[in-house]
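Scroll down for the structure; my scribbles are underneath it.
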Amino acid sequence: MEALCRLPRRRLPDLLKIVEPATEGVLAEVPRAGAAEVDEAVARARRALPAWRALAPGARAKLLRALADTLEDHLEELALLEARNAGKPIGSARGEMAMVVDTIRYYAGAPERLLGDTIPVAGGQAFTVREPLGVVGLIVPWNFPLNISAWKLGPALAAGNTVVLKPAELTPLSALRFAELATEAGIPEGVINVVVGPGRTCGQRLVEHPDVAKIAFTGSTEVGRTIAAAAAATIKRVTLELGGKSANVIFADADLEAAAAAAPWAVFDNAGQDCCARSRVLVEASAFDRFTALFEEHVRAIRVGDPLDPATEMGPLISAGQRDAVASFLDDGDPVVCRGSAPEGPGFWFAPTILAPQTRDARVLRDEVFGPIVAVIPFRDEEDAVALANDTIYGLSGSIWTRDGARALRVARAIETGNISINSNSSVRVTTPFGGFKQSGYGRELGPHALDAYTEVKTIFYSTS
Ligand code: NAD
């Protein structure tokens, strides 16, 4: 692939092998950055900051629109890169790259709309302005590599910050190509910097670096905790988008056919490696058998295979380690309702699986699986459904299926979660805020709210006496 040949090869002797999850072959080798490269990247970002933040709002907006156009021109190339590196079906990869373009284009509207307030005070005029934070560190996971990066890059750049982006070491290729395309689009040198290296060295240095004003992190709750603690030393701003254990709540009066047809993609999208995965399907007891039978039919029909085949609906897991972690949930003895199919041979394949745990404290109902295993469990009534849905440390997403509108709204308000959908499993849009309650994190990405996380409010008082 042309893009792979053009990856930067710098003086570092140590190379990271980037593996293609569908073949286990080496897709590319990229220099492994360490603390010294993070320091260099932060220094570049710091040098670029004064000119970037001083750009007229319209000029910054124009550059972001040019970036969106350049990304759109390379959408197919980026989708192919992401599909191969992350093992996701090409159709999904195209959708994600379209969201990257839309996200940058949406935030291109922001520089000219960063409004402040005028507040009545005695003796003069008081008003607020929004200032950029400075150099912002972006640390992202491997499941939606460029998409999640764009959710942070868009508002960060629009608000006048410069950035150092650290992709996950398993999936750095789309971020590296993004940086090249940004230069082509005219984004000045040093505004976007990418460092590829392990979390415990590169990521940690970014979190500890005194010249980094904020860390925007997406990843596991476990790592999020250590980042919040480490950032406290320099009172860095932190936003955390962490894990989830979301509920798909099916009432007996729902359109069961529609709910069952949609349920596989509420959890098995991206092979279940999705923070929004509704990996707990709660079904009203009177509809449990009927729903489960319908759900099983749809799960058996899922086409798992080569990510580059347009007919593929689910690809492999990201790594052998991830496959082992997911498979461990089969060892707990929970009854298996069904297992779909998966290819044999090279590739980190795992067949989509439904389990029916018999107790409410089963591990599959508590821990994030981050793979294609889902648990179905019955509930008695509305009160029980809400209690069960909230019986988790997480609160990221979720769905409610019912024909009773009043109940849908009551339950939507009662479930402790940042995003919930009624008669739908869609929870992420460019224009609406996304983020977690409880240990799914804090701060909001996307929509107008994301800009709050990349700006400081300054109050200015001008005496008229
Ligand atoms: P992870 O927490 O292991 O790693 C995420 C990123 O943090 C990687 O870039 C990694 O290199 C870096 N990192 C690891 N240790 C670090 C440290 N000590 N200091 C600084 N950086 C460090 O997560 P993962 O396995 O890549 O991704 C899966 C997790 O991400 C799941 O828990 C999933 O739910 C979560 N996730 C959340 C969202 C959301 O929006 N809430 C979205 C996608 C994924």
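The values are calculated or read from the model by the stated rules, or taken from the named source; none is laboratory data. Quick caveat, the model's predicted, so the values are computed rather than measured. Quick reminder, even Gly has a Cβ in these numbers, built from the backbone with ideal geometry, and neighbours come from all protein chains shown. Note: areas computed on protein heavy atoms with side chains; ligands, DNA, RNA excluded. Shrake-Rupley method; radii C 1.70, N 1.55, O 1.52, S 1.80 Å.
Right, residue 120: exposed (fewer than 15 other Cβ atoms within 10 Å of the Cβ) and under 22 Å from residue 431 (Cβ atoms) or not? Judged against the criteria, residue 120 is not a match. Of the residues making up the stretch 141-181, those that are assigned to a loop (DSSP other than H, G, I, E, B), over 14 Å from the mean Cα position of the chain (by Cα) and within 15 Å of the ligand (Cβ to nearest atom) are 169, 170, 172. Scanning the stretch 107-140 for residues that are more than 20 Å from residue 446 (Cα to Cα), among the hydrophobic types (A, V, I, L, M, F, W, C) and not in a loop (DSSP other than H, G, I, E, B) gives 119, 121, 126, 127, 129. Which number in (1) modelled with pLDDT of 95 or more; (2) open to solvent by 20 Å² or more (accessible area, probe 1.4 Å) marks the one condition that residue 9 misses? Just one mismatch for residue 9, condition (1). I need the full set of residues from the stretch 419-451 which are open to solvent by less than 40 Å² (accessible area, probe 1.4 Å), under 23 Å from residue 110 (Cα atoms) and over 14 Å from the mean Cα position of the chain (by Cα), in order please. If the condition is that a residue be open to solvent by less than 40 Å² (accessible area, probe 1.4 Å), under 23 Å from residue 110 (Cα atoms) and over 14 Å from the mean Cα position of the chain (by Cα), then 447, 451 are the ones that fit.
Residues of the stretch 220-235 include at least one that is closer than 20 Å to residue 436 by Cβ and buried (at least 23 other Cβ atoms within 10 Å of the Cβ).
Residue-wise test of (1) modelled with pLDDT of 95 or more; (2) within 16 Å of the ligand (Cβ to nearest atom); (3) among the hydrophobic types (A, V, I, L, M, F, W, C).
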site: 301; (1), (2), (3): yes, no, yes
site: 309; (1), (2), (3): yes, no, no
site: 323; (1), (2), (3): yes, yes, no
site: 335; (1), (2), (3): yes, no, no
site: 338; (1), (2), (3): yes, no, yes
site: 379; (1), (2), (3): yes, no, yes
site: 382; (1), (2), (3): yes, no, no
site: 389; (1), (2), (3): yes, no, yes
site: 397; (1), (2), (3): yes, yes, no
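Yes or no: residue 282 in contact with a strand residue (DSSP E or B) (Cβ under 7 Å, 6 or more places away or on another chain), outside any helix (DSSP H, G or I) and not assigned by TED's automatic domain parsing to the domain that holds residue 84? When the stated conditions are applied, residue 282 passes them. Of the candidates 259, 263, the single residue that is open to solvent by less than 10 Å² (accessible area, probe 1.4 Å), within 18 Å of residue 371 (Cβ to Cβ) and away from the ligand (no atom under 15 Å from the Cβ) is 263. Out of all the residues in the stretch 267-325, which are among the β-branched types (Val, Ile, Thr) and within 26 Å of residue 363 (Cβ to Cβ)? Selection gives 267, 281, 283, 292, 299, 302, 304, 318. Within the stretch 302-323, the set of residues being small (Gly, Ala, Ser), without any contact (Cβ under 8 Å) to a residue 12 or more places away in the chain and part of a loop (DSSP other than H, G, I, E, B) comprises just one member, 311.
Residue 210 - would you say it is over 20 Å from residue 99 (Cα atoms) and more than 21 Å from the chain's Cα centre (by Cα)? So residue 210 passes the test.
Only one entry in 63, 78 is closer than 18 Å to residue 181 by Cα, buried (at least 16 other Cβ atoms within 10 Å of the Cβ) and touching a Ser or Thr at 6+ places or on another chain (Cβ under 9 Å), namely 78. Taking the stretch 182-254 as the region of interest, the strands (runs of 3 or more DSSP E) fully inside it that hold 1 or more residues being within 12 Å of the ligand (Cβ to nearest atom) are 192-194, 214-218, 237-241.
Scanning the stretch 182-207 for residues that are open to solvent by 10 Å² or more (accessible area, probe 1.4 Å), more than 19 Å from the chain's Cα centre (by Cα) and within 24 Å of residue 275 (Cα to Cα) yields 200, 204.
Take the conditions (1) in contact with a Lys or Arg (Cβ under 6 Å, 6 or more places away or on another chain); (2) farther than 24 Å from residue 220 by Cβ; residue 267 misses just one of them, which is (2). Report yes if residue 344 is touching a residue at least 40 places away in the same chain (Cβ under 8 Å), open to solvent by 40 Å² or more (accessible area, probe 1.4 Å) and closer than 26 Å to residue 171 by Cα, otherwise no. It is false that residue 344 is touching a residue at least 40 places away in the same chain (Cβ under 8 Å), open to solvent by 40 Å² or more (accessible area, probe 1.4 Å) and closer than 26 Å to residue 171 by Cα.
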